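As structure tokens, the structure follows; a few thoughts come after it.
The values are calculated or read from the model by the stated rules, or taken from the named source; none is laboratory data. Predicted model, so just to flag it, every value in this text is computed and none were measured. Ideal geometry is used to build each Cβ from the backbone, glycine not excepted, and the neighbour counts take in all protein chains shown.
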Amino acid sequence: MNISKFRLLCCLLLIASAGRVFAMDGIDEIADLVATSMEEENKAEREREEANKALAFRTIQTIHRIAGNVAEDAKKRDGTRLDSGEKGWPEPRPSRGLTERGLFLAIESYPESLHTPWGKKEIYGGASGRYNGFLSIFQAFKNAGIVLKFVRNTGEGETTYGTYGRDEKIKLYKHIYDPQKNKYSNEEISQEELDRLRGTDTHVTAHYCGYPSIYEIVSVGDTILPEPVHAERPHDWQGHYDQTMADWNSRKNIADETYPK
């Protein structure tokens with residue numbers, strides 16, 4: 001008898017001791033039914049997890065293709081240079097940006113990385129150009145069919161070592177494109193306005209580097225993604241790292257064989 005059956009038997013025996021009598025063969029039959037039900041539920045959960053991962057992996061590849069096209073267009077348009085994160089960091093980083101399901105997009109002046117079931121996946125590496133050019137990349141992602149919802153900025157409520165050695169509260173700004181002036185606004189926002197912007201696709205940045213805004217990726221084209229949830233750091237870190245990278249590399253090898261470059 002397995003552990004699940006044993007636990008169920010203990011519960012049933014407690015009930016029996018309160019005045020209800022069960023035949024042992026009947027108890028064992030009930031335990032078998034419960035164990036079968038639990039096994040079926042575990043199988044269904046594994047299938048759901050695999051379906052979510054398969055969807056996330058395909059979407060990551062789509063976003064990388066979009067990012068490559070956006071970078072080419074930006075270079076032709078105004079000379080903005082964006083290095084491919086796929087070339088510089090082809091593998092995810094399981095120690096950061098890990099989700100249980102779904103995808104987040106981390107954005108500063110331009111989209112930088114994805115938070116995925118395999119960890120942080122770089123979109124772009126180094127960049128050079130004008131700030132207005134960087135801000136236009138965010139709009140280009142939306143124009144390409146990536147639907148986003150602002151969740152939070154990682155600098156909210158934080159202070160940093162600022163000018164003249166004084167601690168400064170990190171300021172947040174929103175950026176709206178003005179087609180008449182062909183430039184983006186740079187308006188400081190209050191906490192109240194920040195809260196109103198949650199759930200919208202407004203571009204929000206911090207005035208210090210290293211504090212990206214986190215956006216839920218709702219859909220990419222016709223592909224609708226599950227609502228993303230960040231995962232907690234696993235207790236068995238090394239085991240998790242090995243398992244995560246093996247899973248990623250297995251999917252990547254299959255994708256490379258199916259769609260060779």
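Annotations
- Filter pass, A127 being surrounded by fewer than 23 Cβ atoms within 10 Å (Cβ to Cβ) and assigned to a strand (DSSP E or B): yes
- Residue match in region 148-158 (condition: of a type in the set (S, T, N, Q), touching a Phe, Trp or Tyr at 6+ places or on another chain (Cβ under 8 Å), in a loop (DSSP other than H, G, I, E, B) and surrounded by fewer than 14 Cβ atoms within 10 Å (Cβ to Cβ)): no
- Checked against (1) in contact (Cβ under 8 Å) with a residue 12 or more places away in the chain; (2) outside any strand (DSSP E or B), Y215 meets all criteria but (2).
- Annotation: of all residues in region 172-214 being more than 15 Å from S109 (Cα to Cα) and of a type in the set (D, E), the one that is farthest from the chain's Cα centre (by Cα) is D178.
- For region 57-76, filtered to residues that are under 12 Å from I123 (Cβ atoms) and among the small types (G, A, S), the residue that is surrounded by the most Cβ atoms within 10 Å (Cβ to Cβ) is A67.
- Meets criteria (touching a residue at least 12 places away in the same chain (Cβ under 8 Å), of a type in the set (A, V, I, L, M), touching a Phe, Trp or Tyr at 6+ places or on another chain (Cβ under 9 Å) and surrounded by fewer than 23 Cβ atoms within 10 Å (Cβ to Cβ)) for L98: yes
- Among the residues of region 237-251, the ones that are under 17 Å from the mean Cα position of the chain (by Cα) and over 13 Å from L98 (Cβ atoms) come to 0 in all.
- Set G102, G79, G97, G19: member being of a type in the set (G, A, S), over 16 Å from the mean Cα position of the chain (by Cα) and at pLDDT 65 or above: G79
- Hey, A140 touching a helix residue (DSSP H, G or I) at 6+ places or on another chain (Cβ under 7 Å), part of a helix (DSSP H, G or I) and surrounded by 13 or more Cβ atoms within 10 Å (Cβ to Cβ) or not: yes
- Only listed residue being modelled with pLDDT of 90 or more, surrounded by 17 or more Cβ atoms within 10 Å (Cβ to Cβ) and over 17 Å from L114 (Cβ atoms), chosen from Y241, Y211, Y215: Y211
- Region 221-252: number of residues that are acidic (D, E) and part of a helix (DSSP H, G or I): 2
Table: residues versus (1) at pLDDT 90 or above; (2) in contact with a strand residue (DSSP E or B) (Cβ under 9 Å, 6 or more places away or on another chain).
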| residue | (1), (2) |
| --- | --- |
| F134 | yes, yes |
| G145 | yes, yes |
| K149 | yes, yes |
| R152 | yes, yes |
| T159 | no, yes |
| R166 | no, no |
| K171 | yes, yes |
| I176 | yes, yes |
